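What follows is calculated from the coordinates using simple rules that are stated; it is not laboratory data. Not measured: the values here are computed from a predicted model. As a convention, Cβ positions derive from the backbone with ideal geometry for all residues, glycine included, and neighbour counts pool all protein chains shown.
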Amino acid sequence: MRPAGFVAITPHWVPEPQTVVMLTGIAELAGAAGLMLPATRRAAAIALALYALCVWPANFNHALHDIALGGVHLSWWYHGPRLALQPVIIWWALWAGAVIDWPFRRR
């Protein structure tokens, strides 16, 4: 039997999945707060981009193994865009933190 909630989509090779899921939630909140402060914006953007890259395997695991969340199996209409947009989310974090300015040059 698989664990409930987002722990269920965590790949089997991730140690202490409950702790990892809790820490990633804290990281998301800290990153969002960090983007709002000019002094931490760049570091927060890089951290959020790395975070989005690191959770991508869980998204693949969720899609490829058809793991139900709350008893609901999601189709590829959900998983396909979610997987395809992960690089956009990474770019968006870096752009929001002024780490990159491609393709919209800042003036």
Residues of segment 62-94 satisfying the condition of being in a helix (DSSP H, G or I) and of a type in the set (Gly, Ala, Ser) | 63, 80, 84, 93
Collect the residues in segment 33-44 that are over 20 Å from residue 22 (Cα atoms) and either loosely packed, with under 14 Cβ neighbours inside 10 Å or not polar (S, T, N, Q) (or both), keeping them in residue-number order.
-> 35, 36, 37, 38, 39, 41, 42, 43
Return yes or no: is residue 56 in contact with a Phe, Trp or Tyr (Cβ under 9 Å, 6 or more places away or on another chain), among the aromatic types (Phe, Trp, Tyr), part of a helix (DSSP H, G or I) and surrounded by 12 or more Cβ atoms within 10 Å (Cβ to Cβ)?
-> no
